[in-house]
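Here is the structure we will look at, set down as structure tokens.
Computed from the coordinates by the stated procedures, all read-outs in this text should not be read as laboratory data. Quick caveat: nothing in here was measured; it's all calculated off a predicted structure. Backbone-built Cβ (ideal geometry, glycine too); neighbour counts: all protein chains shown.
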Amino acid sequence: MKNKVNKVVILGGGTAGWMSAALLVKTFGNKLDITLIESDQIGTIGVGEATIPPIMHFNEELGINPKAFIKATKATIKLGIEFENWGTVGNRYMHAFGDIGKSFPLCDFNHFFTKAHYAGLNYDFWDFSLNYQVAKRNAFALLDKIPGLNLNGLAHAYHFDAGLYAKFLAQYCQAKGVKRIEGKVSQVEQCEKTGNILSLTLENSTQVAGDLFIDCSGMKGLLIEQRLNTGFEDWSHWLPADSAIAVPSESVSPIKPFTQSIAHEAGWQWRIPLQHRTGNGFVYSSKYLTDEQAQQCLLANLDGKALAEPKVIKFKTGRRLKQWHKNVVAIGLSSGFLEPLESTSIHMIQSAIVRLVKLFPHQGIDEVMIEEFNRQSTLEYERIRDFIILHYKLNQRDDSQFWRDCQRAEVPQSLKHKMALFKSSGLVFRENDELFTKIAWQQVFLGQGLIPDDYHRSADQLNTDELNEMLYSIKQIMTKTAEKVPPHHQFIDACIR
């Protein structure tokens with residue numbers, strides 16, 4: 001007989017732990033007993049400072065006031081990610097959020113752009129992105145629609161201090177009845193018959209029993225791996241980076257409303273502007289660079305004075321074979337790791353806890369629900385994995401062995417098919433509610449030089465003159481709309497007053 005799930009124990013605080021607690025308590029209220037265990041002695045990695053637009057839905061679901069959030073977390077606006085040196089050295093493009101161009105019923109806008117390319121019309125794909133035009137002007141305003149037109153306005157996410165976000169959510173959760181216990185786990189008790197976790201004993205002998213355990217203990221996976229031996233699928237043959245160095249630096253003006261990803265000789269650097277500092281890091285493979293060389297490269301490319309000693313982080317790219325096993329659900333870094341190239345870390349916490357809420361085992365844990373959770377988790381991880389690999393595979397650099405090896409590396413069959421389809425026809429299809437939109441894929445393809453050999457015949461409804469007139473009109477709309485958007489800092493200043 002299945003036992004009802006009345007008590008949930010979350011092991012680990014940080015962003016993963018408190019986001020999990022927040023959505024559970026918001027959804028189930030006092031119908032669920034929620035306890036979170038965290039230790040002040042155990043630090044968090046705390047480099048996940050850039051997000052993608054779905055974070056807006058998460059905060060809205062919690063009922064969080066955007067201005068209060070921006071003030072509490074030292075947040076800034078993010079309109080996209082600019083990639084520098086990823087195609088060739090000196091090349092730049094942006095994975096901008098939101099729409100590009102206008103929608104058509106039978107084919108995507110990129111087919112009209114491709115036809116224009118072959119017709120010799122001199123346009124850039126990002127001429128038609130309002131997000132890009134506004135981002136490069138260091139501007140921002142809340143704009144759902146372009147005034148007077150049936151065109152979407154700006155889509156945005158945030159840069160924020162992950163540590164401050166965790167504190168913000170901790171206050172939210174505890175005010176709603178989540179119990180926080182300070183301490184480190186010294187012993188894990190399992191049921192001899194089922195293998196389920198029964199309780200956690202802390203160093204001060206406090207025992208915390210639960211029906212369902214959420215493992216937010218970071219890469220070590222204290223419950224999901226060290227206790228349940230779930231197993232790990234290693235993806236380092238596709239994504240060879242195994243190290244990162246992180247360091248904060250002084251904030252510089254103007255504060256850009258976009259993340260920067262800058263490729264260097266044997267790795268890449270992130271630059272994330274917050275109100276009070278800039279988050280920086282360098283991702284690399286220890287096969288190609290020593291920690292000392294990577295640190296030297298990072299420190300030489302800061303745009304402000306370093307505020308702390310650089311911190312080295314070692315990781316293995318991949319995922320747990322099961323992210324829900326027995327009565328333990330892994331959320332956050334305990335479930336796997338993908339480098340932060342597309343700012344997916346916090347989103348994957350969000351999607352995992354949303355998935356758990358939808359499949360929550362009120363009447364007891366059922367194997368079919370576990371299987372569905374793991375099926376969806378696997379698909380999500382694999383699609384994001386492919387999107388990240390794409391950036392490396394499409395590089396055209398010849399200045400280091402690292403980049404040459406990335407070009408020549410085999411890629412998963414799922415990605416190989418997606419690349420071949422786009423090259424042949426300009427087509428992209430979104431599968432199984434995967435995270436990244438068709439427009440996101442198109443931007444990386446085109447931004448790194450993969451031009452389709454053909455386009456959809458629907459684009460031939462316009463002759464070259466008509467096509468040029470349409471594209472020029474859309475470009476003018478984006479440019480003139482962007483010119484009217486006030487500076488980014490004005491929006492932030494209004495939020496924190």
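The alpha carbon gyration tensor of segment 35-104 gives principal lengths a ≥ b ≥ c with a/c of 1.5 or higher and a/b no greater than b/c, which makes the shape oblate. Projected label points at Asn468 and Ser205, each 7 Å from Cα along the beta carbon direction, are separated by 8.6 nanometres. Working from label points 7 Å from Cα in the Cα-to-Cβ sense, the Gln293 to Asn3 distance is 5.4 nm.
Three principal axis extents describe the C-alpha atoms of segment 405-497; from largest down they are 51, 40, 30 Å. Please give the FRET efficiency for Glu233 paired with Glu372, using the beta carbon to beta carbon distance and R0 = 22 Å, rounded to the nearest 0.05. According to the calculation, E is roughly 0.70. Bridgeable aspartates and glutamates around Lys484 (alpha carbons under 12 Å apart, same-chain partners fewer than 8 residues away excluded) are absent. Working note: Cα atoms of segment 151-299, range along each principal axis, descending, whole Å: 55, 42, 40. Rounded to the nearest 5, what % of the DSSP beta bridges within the chain are antiparallel ones? That works out to approximately 70 percent antiparallel. Per-residue extension of 0.36 nm, minus the Cα-Cα distance of Gln190 and Asp460, leaves a gain of 90.6 nm for this segment. Electrostatic bookkeeping for Leu239 treats Lys and Arg as +1 and Asp and Glu as -1; over the other residues with beta carbon under 15 Å from its beta carbon, the sum is -1.
Over segment 243-314, the hull volume per residue, using the convex hull of the C-alpha atoms, is 75 Å³. Ranked by the mean number of other Cβ atoms within 10 Å per residue, highest first, peptides 156-165, 4-13, 179-188 order as 156-165, 4-13, 179-188. Dividing the summed helix terms, -39500 (n - 2.57) for each DSSP H run of n ≥ 4, by the number of residues in the chain produces a 222 nm estimate of -11000 deg cm²/dmol to the nearest 500.
From largest to smallest, what semi-axes in whole angstrom does segment 286-425 give when each is the square root of 5 times an eigenvalue of its alpha carbon gyration tensor? Before the final figure, lay out the partial values.
Details: eigenvalues 226, 106, 31 Å².
Largest first, segment 286-425 gives 34, 23, 12 Å.
The Rg/Rh ratio of the chain, with both radii computed over alpha carbons and Rh defined as the Kirkwood radius, is 0.98.
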